[in-house]
Amino acid sequence: MKLQIRNRSLAALGVAVVSVTAAAGGCLAIDKAAEKAYFPKLEKTREAFLASIGKTSITVFPAAVRRSTITYDDGASAKLTEFLNTDGLAKATTSDRHVPITGPWRHNQARMLRESAKEFAAYVRANPIGTRYALLPEYLGGKTEAVGIHAYIVDSDGTVAFQILLNSHWEEFSRVKPKTADECTAVLIDVLRDRLKIHATQKP
């Protein structure tokens, strides 16, 4: 039985998870070699990012919406910026620049995640930001509804620091069954709040 990505904590923290072939009951394999090859500094940069929650700064880019062609949702950056500021997770600013994502659509969602993350990291290296981190949402659209949500956070040096991958195997995603970019953004905000709030600096 071929299994798809199911472990939300691994995917949310940026761990590369691959589909595997197994007997009934299945198993889950972590492709450590792929993770190190794509993101050799991820463990350290992830720890640094999580430690900075509540006292860092983030530039939020419009969401890349991928179907047969790629469009951009500028409203996503505004809503995510408001969320990060209101919840005290970061001092966030909105960018109106559209990050070019050129990788092909693949059946392997984890591979799409890695390729888009690398493209975003390269973009930030070539187009410096004025904050410590940058955030790019990416929504995968199907015929009638979204089939996946990604989010990438890289530091100002263009090094991947944090990633989120969601699809129908995640409760947060399947409960909503998002169809529009606005619905994808709402799901992403809920997940980011859940993943990051516990790391926020305690205010006196």
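The values are calculated or read from the model by the stated rules, or taken from the named source; none is laboratory data. Quantities reported herein were computed from a predicted structural model and do not represent experimental measurements. Don't worry about glycine lacking a Cβ; one is built from the backbone with ideal geometry, like all the others, and counts go over all protein chains shown.
Numbers for the structure displayed
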| quantity | calculated |
| --- | --- |
| Of all residues making up segment 58-84, the number that are part of a strand (DSSP E or B) and either touching a Gly at 6+ places or on another chain (Cβ under 7 Å) or β-branched (Val, Ile, Thr) (or both) | 7 |
| Test: residue in segment 166-173 that is crowded, with 19+ Cβ neighbours inside 10 Å and under 11 Å from the mean Cα position of the chain (by Cα) | yes |
| Qualifying strands (runs of 3 or more DSSP E) (wholly inside segment 131-177; at least 1 residues being β-branched (Val, Ile, Thr)) | 146-155, 160-166 |
| Test for ILE164: is it closer than 23 Å to LEU42 by Cβ and without any contact (Cβ under 8 Å) to a residue 24 or more places away in the chain | no |
| First in segment 169-184 and polar (S, T, N, Q), second anywhere and surrounded by fewer than 15 Cβ atoms within 10 Å (Cβ to Cβ), Cβ under 7 Å, 6 or more apart | SER174/SER168 |
| Residue identified as over 13 Å from the mean Cα position of the chain (by Cα), within 14 Å of ALA64 (Cα to Cα) and at pLDDT 95 or above among ARG97, ARG132, ARG125 | ARG97 |
| Some residue of segment 104-117 being buried (at least 22 other Cβ atoms within 10 Å of the Cβ) and aromatic (Phe, Trp, Tyr) | no |
| Boolean, LEU89 is in a loop (DSSP other than H, G, I, E, B), surrounded by 14 or more Cβ atoms within 10 Å (Cβ to Cβ) and in contact with a helix residue (DSSP H, G or I) (Cβ under 7 Å, 6 or more places away or on another chain) | yes |
